[in-house]
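Report on one structure; see the data block that follows.
The values are calculated or read from the model by the stated rules, or taken from the named source; none is laboratory data. In this text the structure is predicted, and so the values were computed from the model without any measurement. Every residue, glycine among them, receives a Cβ derived from its backbone with ideal geometry; neighbour counts consider all protein chains shown. All accessible areas refer to the heavy atoms of the entire protein, side chains included, with ligands and DNA or RNA removed. Shrake-Rupley method; radii C 1.70, N 1.55, O 1.52, S 1.80 Å.
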Amino acid sequence: MALLETVEVDTELRPAIAGRNPWALAARRLRRNRIALAALGLFVLIVILCVAAPLYANDVAHVNPLVPNLNGHTIVNGKVVPVMQQGGGVLHLGETPIGPTGDLSHYFLGADSVGRDVAALLLYGGRSSLIIGVGSAVICSVVATVIALIAGFFGGIVDALLSRLMDVIWAFPLYLLAISISTELLTHSSGFQVGPVHISASSLWLPTTIIAFVFVPYVYRPVRGQVLSVVNKEFVEAAIAQGAGNLRLIFSEILPNVVSTVIVLMPLMIALTILTESALSFLSIGVQPPNVSWGTIIQDGTDLIYNRPWVSLAPGIMIVFTVLSLNVLGDGVRDALDPRAKLRVEG
């Protein structure tokens, strides 16, 4: 009897649920997913900390983390000590940067090989990594969506040409293609110019553009599949019968029905682009001086891995937390937007 009553209640509520805005239903499902919300909160916290990098460096640590500080001093337990300490290493020769002090105002995570504050440097590096990651993911998604809409809507030779072009890019190993393009562009110290646009070798636009380019096929393929499944639907045929033009069909009828796929892919693409940027920067062909990123900090800390491991561990941990939060958030967004998901009673 209880089962029958539940079924009857669900049946009665189905029209009310079905009549709601699908985006409102997706937002409600996402709000009920506590794990996804926790992941979103972690990512927002990381973004806030990185955005506040100048505030921390100027008003708390009182350092310029982008400038070497080999002859600088700091305070540890009330005593003034040099940032670069004499007699480091197993043989007690040379200089070793100061280790973590635990004091937010004085080299909280210690110093790197040139005396820069690792904690402040970490936040500045996060700004570059997040800007490149989010920027390249957005550019990649927009370009791939436009190409997928054109290919899926017009079909025929247009679809064949665009799909083969994407296949050519897809055929190259991702990192090998990115490394090849980066190496070629960085050989020009003055940068490169496309029409009136000039991009210097040290600009963040350079890795952003390269990473966006190599990931276009990865977004194009699933979006094109969605376009092909929507283009022959009844509502598209009805719009054609009413005299709708191609632009209206593409952007008013088809795009709203495939944009959910792009939204689901966005957190995952940001995670992938951050990882790619870190890998390229670790190989010294990503972010260039005077800018820093998590990848460049890890590379700078490889020589100190045995006596000052936090120089490399701190940015590595930040990358792990950022990528993990984005992957979990992406799963939550997918569950919320999946039209085939099990019907839930929304109170």
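State whether one or more residues within segment 264-277 are of a type in the set (Val, Ile, Thr), assigned to a helix (DSSP H, G or I), at negative phi and surrounded by fewer than 22 Cβ atoms within 10 Å (Cβ to Cβ). Within segment 264-277, one or more residues are of a type in the set (Val, Ile, Thr), assigned to a helix (DSSP H, G or I), at negative phi and surrounded by fewer than 22 Cβ atoms within 10 Å (Cβ to Cβ). Right, residue 115: within 30 Å of residue 270 (Cβ to Cβ) and either open to solvent by less than 10 Å² (accessible area, probe 1.4 Å) or basic (Lys, Arg) (or both) or not? Against the criterion (within 30 Å of residue 270 (Cβ to Cβ) and either open to solvent by less than 10 Å² (accessible area, probe 1.4 Å) or basic (Lys, Arg) (or both)), residue 115 does not qualify.
The residue that is modelled with the lowest pLDDT, counting only those in segment 60-92 that are on the phi > 0 side of the Ramachandran plot and out of contact with any Ser or Thr (no Cβ under 9 Å at 6 or more places or on another chain), is 92.
Residues in segment 297-321 that are open to solvent by 20 Å² or more (accessible area, probe 1.4 Å) and polar (S, T, N, Q) were compared, and the one that is nearest to the chain's Cα centre (by Cα) is 299.
For segment 63-90: of the residues being in contact with a His (Cβ under 8 Å, 6 or more places away or on another chain) and either in a loop (DSSP other than H, G, I, E, B) or hydrophobic (A, V, I, L, M, F, W, C) (or both), which is surrounded by the most Cβ atoms within 10 Å (Cβ to Cβ)? Checked segment 63-90; the qualifying residue surrounded by the most Cβ atoms within 10 Å (Cβ to Cβ) is 83.
Of all the residues in segment 302-326, those that are polar (S, T, N, Q), modelled with pLDDT of 95 or more and either assigned to a loop (DSSP other than H, G, I, E, B) or in contact with a Pro (Cβ under 9 Å, 6 or more places away or on another chain) (or both) number 1.
Yes/no matrix, rows are residues, columns are (1) modelled with pLDDT under 95; (2) surrounded by fewer than 23 Cβ atoms within 10 Å (Cβ to Cβ); (3) not in a helix (DSSP H, G or I):
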position	(1), (2), (3)
119	yes, no, no
131	no, yes, no
134	no, yes, no
142	no, yes, no
152	yes, no, no
159	yes, yes, no
167	yes, yes, no
170	yes, yes, no
175	yes, yes, no
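Summed over segment 231-249, residues that are touching a residue at least 60 places away in the same chain (Cβ under 8 Å) and under 19 Å from residue 162 (Cα atoms) total 2. Being part of a helix (DSSP H, G or I) and open to solvent by 10 Å² or more (accessible area, probe 1.4 Å) is the filter here; which residues of segment 231-243 pass it? 234, 235, 237, 238, 240, 241, listed by residue number. Across segment 190-205, not a single residue is classified as assigned to a helix (DSSP H, G or I), touching a residue at least 12 places away in the same chain (Cβ under 8 Å), surrounded by 15 or more Cβ atoms within 10 Å (Cβ to Cβ) and polar (S, T, N, Q). All told, residue 224 meets the bar of being closer than 17 Å to residue 156 by Cβ, at pLDDT 85 or above, among the charged types (D, E, K, R) and part of a helix (DSSP H, G or I).
Sort through 252, 284 and tell me the only one that's hydroxyl-bearing (Ser, Thr, Tyr), under 30 Å from residue 162 (Cα atoms) and surrounded by fewer than 16 Cβ atoms within 10 Å (Cβ to Cβ).
Values: 284 fails: under 30 Å from residue 162 (Cα atoms).
Only one candidate passes the filter, namely 252.
Scanning segment 34-62 for residues that are outside any helix (DSSP H, G or I) and either out of contact with any helix residue (DSSP H, G or I) (no Cβ under 8 Å at 6 or more places or on another chain) or open to solvent by less than 30 Å² (accessible area, probe 1.4 Å) (or both) yields a single hit, 62.
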